Amino acid sequence: MTVSTHQLVCELKSLCRGRGVQAPGLEKHIGPILRTAIASDERDGAETSREKLRTWVDGLVHVLPDDLRLIVTTALGMNPQAQHLFLTHRLDWLADRSHRDARTVRRRLDDGFERLAEAALRPRRRPREEWYIARIRVELLLNESPPARVEHWTVVALRDGVDEFRLPCTTDVTVLSGALKGECGLRFRKPLRAGETQEFCVRAPLSAPVSYALRCERFDLIVADESTNDLPAPRDPNQRTWATANT
């Protein structure tokens, strides 16, 4: 459903009537668009809805100029210095404080709600991908004691400056080559340029089940058990597939 700033502004204005967010039974006065925005429903009850609404407003008003921020929070009943019973009285308090007439304050309130709605409905940018996986070769060393897995990764940078990679599982991982172990994953020895390839190898014990569900160009799973002396040559899989293997 497409929501316009005008629709959201109308619901905010309606919410300002009476005590605003301090109104008893607040959950019944929140419109459907605003209810979706703050992730609330009538089962939350008044106090939980009030808390969610405050959190939502607090997360947006920082983009407003100081004067509009004060007007918006006061009109909504969120200003502890202006807890008047009616919106008109709260706006009169603002008019006296700013030495403006009430009509000017109301016009600025319209501007404040418009800006608040624009901030709430701005498109969310998707995180930019930094790399893609060209190949994963997993060797399951069942003929060792204790059994282990060795993973050979080949990743390609999609932008300049990529210097880290987050493995699906880093517990008990030992880096064998190509990277250093960091707090949140692996760190490359130098930042990559867009299109540059980085290979690294890690080893981990097979003490718990491991699942791979990654998009890659090539995935090789090699198993060495007690009956094999050498690792078999990898079989060439189909290209550009979703590869999933469980161990």
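The values are calculated or read from the model by the stated rules, or taken from the named source; none is laboratory data. Being a predicted model, the structure only gives us computed values, none of them experimental. Every residue, glycine among them, receives a Cβ derived from its backbone with ideal geometry; neighbour counts consider all protein chains shown.
Taken as a whole, the range 101-115 holds no residue that is β-branched (Val, Ile, Thr), over 30 Å from GLN198 (Cβ atoms) and touching a Gly at 6+ places or on another chain (Cβ under 9 Å). Could you check the range 153-198 and list, in sequence order, the residues that are surrounded by 12 or more Cβ atoms within 10 Å (Cβ to Cβ), modelled with pLDDT of 85 or more and at positive phi? Matches in the range 153-198: GLY178 only. Here LEU121 does not qualify as at pLDDT 90 or above, under 30 Å from ILE38 (Cα atoms) and either aliphatic (A, V, I, L, M) or not assigned by TED's automatic domain parsing to the domain that holds VAL175 (or both).
Any residue in the range 184-192 that is assigned to a strand (DSSP E or B), assigned by TED's automatic domain parsing to the domain that holds CYS216 and aliphatic (A, V, I, L, M)?
Here is the first cut: in the range 184-192, the ones assigned to a strand (DSSP E or B) are 186-192.
Filter once more, so that each one left must be assigned by TED's automatic domain parsing to the domain that holds CYS216: 186-192.
Going one step further and asking which of them are aliphatic (A, V, I, L, M), we end up with 186, 192.
Yes, there is a match, as at least one residue in the range 184-192 is assigned to a strand (DSSP E or B), assigned by TED's automatic domain parsing to the domain that holds CYS216 and aliphatic (A, V, I, L, M).
May I ask you to verify whether ARG43 is surrounded by 13 or more Cβ atoms within 10 Å (Cβ to Cβ) and of a type in the set (D, E, K, R)? Judged against the criteria, ARG43 is not a match.
For every residue, the table says whether it meets (1) within 28 Å of the chain's Cα centre (by Cα); (2) outside any loop (DSSP other than H, G, I, E, B); (3) touching a residue at least 40 places away in the same chain (Cβ under 8 Å).
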| site | (1), (2), (3) |
| --- | --- |
| LYS13 | no, yes, yes |
| VAL21 | yes, yes, yes |
| ASP44 | yes, yes, no |
| SER49 | yes, yes, no |
| ASP67 | no, yes, yes |
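Looking across the range 199-213 at every residue that is touching a strand residue (DSSP E or B) at 6+ places or on another chain (Cβ under 6 Å) and surrounded by 14 or more Cβ atoms within 10 Å (Cβ to Cβ), the one that is modelled with the lowest pLDDT is identified as TYR212.
Please specify each residue of the range 14-34 satisfying the condition of being hydrophobic (A, V, I, L, M, F, W, C) and out of contact with any His (no Cβ under 8 Å at 6 or more places or on another chain). Please lay out each step first, then the result.
Here is the first cut: in the range 14-34, the residues hydrophobic (A, V, I, L, M, F, W, C) are 15-16, 21, 23, 26, 30, 33-34.
If the condition is that a residue be hydrophobic (A, V, I, L, M, F, W, C) and out of contact with any His (no Cβ under 8 Å at 6 or more places or on another chain), then CYS16, VAL21, LEU26, ILE30, ILE33, LEU34 are the ones that fit.
Out of VAL9, VAL63, VAL3, one residue alone is among the β-branched types (Val, Ile, Thr), closer than 14 Å to ALA117 by Cα and modelled with pLDDT of 90 or more. It is VAL9.
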